[in-house]
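First comes the structure, then the notes that go with it.
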Amino acid sequence: MWRSARQRRGCWRPRRSLWTKWTEWKSIDQFDFATHCCDPAKFDSLGHEKCFPEWPSWPVRICCAHHLSKPSYFKAAWKVLALSIFDDEVLEEDRPRPPVQNQVKGIMAYHKSGVTLSTELVGNVVPGPLTRLLLKDPEEKVMVPHDFHVTKFGDHNSPRGGRPVITPFFQAFTRTFSDLYTQDMIIHFSNPLKSREPQFQDFMRQGAGKLLHLVRRPSDMILSGYIYHRQNLTTGEEWLRFRNPPDCLSCDHEAWSDIFRLCGFRCSYSELLQNLTSQQGLQVEQLRSRWDILKMLENAHAWRDLDHVLQVPMESFRQDFNGTLLCIARFFFSRPVEDESADAPPEFRQFLEESQLHSPSFIESCRETLQRGGRCAAAPPGEDEAKFVYRATTHVAAKLEKKRLHAELRRTPGWRHFLPFADAALEATLQGSPTRRIFGCPG
């Protein structure tokens, strides 16, 4: 675990430093390193800035992995979550329903659970189809704030001063469009981080606005992540190529140690996947993804019966793209499916028409056309055709390849100990969510 005696000493410095600064402890023995420097519930994968002024850094990962592995923090957190999902005795009607304000419309996704699709619908630079539907007079250009204020709820302050949000780290990001006429706001939130300070997801749970929560079957997240990350891309997510220290995109500290121990902590995540068999690579991707999966399931369970949260699995877009978009539109406009006439309103039909180029089935057909040597010329307005082709060839996997890898996934240790339960947990949570039925979501 320890790469050098120097790094062992590096884990003592933050402990001694905090003990001298925080005088409420009578002795250093009262200071718990795992709790006060590394607690993922308070600091996610970033560590406490008072313990570790530098981020990213070797000490954050090495010290926290050591102190959180005996006993395993992740295993304990997963056990608590599983018990709350499968043995929840609190009746849904007994849960408090917060009053909801309508000024904020939120869209939240996780890595490989709809970030790319939701980015296209909201808008990457200029307003996308969903933004044009929800805002009367949207700003012409997206804002990418580290921190922002939610009226009546407070400030969302990105951990570590926003450093993890921006390139090249890309641990999380926020995109916002404001309505110049009504002051309404769309907030697109990716890869939510845990923090000891209130975050956007906390405000939305309390009723700051309506939230579209994009989720995905955990086993599919891992397949998608492995297929994408092993491509050895020279552009895009820079964290794939970090070596000093190596990175695995907000993975938990224990997972980081288990992953990069395989190469003696001397490779990037991309390099590691290039030198593993597909079965080994899928196991590594399970380790990398499990913290995001746990956070996704925690949020899905906590929000399962809230009227102002619509939880949509990515599979719905593939099964019935238009039906899923109509459900989302009804939700944001508070129009239950039983109140809608046979024909969708004109603004809904326009939303569907403008969104067709982002349909997973269309992207798949585009990829297949390119593989046959054809030309996929269609691109969204304002988007370069080459960028659209790049997205089609890097973010969508061939069906036969996914089928083969799914068989490999079932032979990994993670399948036996984690994935079937994670898949079942999401399924149970979605079945307990009445909002999808009210607004006519497919499935």
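The values are calculated or read from the model by the stated rules, or taken from the named source; none is laboratory data. As the structure is a prediction and not an experimental result, all values here were calculated from the model. As a convention, Cβ positions derive from the backbone with ideal geometry for all residues, glycine included, and neighbour counts pool all protein chains shown. Ligands, DNA and RNA are excluded from the accessible area calculation, which covers all protein heavy atoms including side chains. Shrake-Rupley method; radii C 1.70, N 1.55, O 1.52, S 1.80 Å.
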Every residue in segment 35-84 that is surrounded by fewer than 21 Cβ atoms within 10 Å (Cβ to Cβ) and among the small types (Gly, Ala, Ser), please. ALA41, SER57, SER69, SER72, ALA76, ALA77, ALA82, SER84
Could you tell me which numbered condition GLN101 fails, if it satisfies all but one of (1) at pLDDT below 90; (2) crowded, with 20+ Cβ neighbours inside 10 Å? (2)
Can you confirm whether SER250 is at pLDDT below 90 and part of a loop (DSSP other than H, G, I, E, B)? yes
Selection from segment 331-359 of residues open to solvent by less than 20 Å² (accessible area, probe 1.4 Å), part of a helix (DSSP H, G or I) and out of contact with any strand residue (DSSP E or B) (no Cβ under 7 Å at 6 or more places or on another chain) yields PHE348, PHE351, SER355, HIS358
Tell me which residues, restricted to segment 231-247, are assigned to a loop (DSSP other than H, G, I, E, B) and open to solvent by 40 Å² or more (accessible area, probe 1.4 Å). GLN231, ASN232, THR234, THR235, GLY236, PHE242, ASN244
Members of segment 311-330 that are closer than 25 Å to GLN101 by Cβ and either surrounded by fewer than 16 Cβ atoms within 10 Å (Cβ to Cβ) or within 16 Å of the chain's Cα centre (by Cα) (or both): GLN311, VAL312
Between residues in segment 71-86 that are closer than 14 Å to PRO40 by Cα and residues that are outside any helix (DSSP H, G or I), which pairs lie under 7 Å by C-beta distance while being six or more apart or on different chains? PHE74/ASP252
Of these, GLN280, GLN286, which one is under 30 Å from PRO246 (Cβ atoms) and either in contact with a Phe, Trp or Tyr (Cβ under 6 Å, 6 or more places away or on another chain) or open to solvent by 30 Å² or more (accessible area, probe 1.4 Å) (or both)? GLN280
Note on TYR228: of the conditions (1) in a strand (DSSP E or B); (2) within 25 Å of TYR269 (Cβ to Cβ), unmet is (1)
Taking the criterion of being out of contact with any Ser or Thr (no Cβ under 6 Å at 6 or more places or on another chain), closer than 20 Å to PRO159 by Cβ, among the aliphatic types (A, V, I, L, M) and buried (at least 20 other Cβ atoms within 10 Å of the Cβ), would at least one residue in segment 252-267 satisfy it? yes
Check PRO159, PRO138 and return the single one that is touching a residue at least 24 places away in the same chain (Cβ under 8 Å) and over 27 Å from LEU297 (Cβ atoms). PRO138
Strands (runs of 3 or more DSSP E) completely within segment 110-205 that count 2 or more residues being crowded, with 18+ Cβ neighbours inside 10 Å and under 14 Å from the mean Cα position of the chain (by Cα): 173-178, 185-190
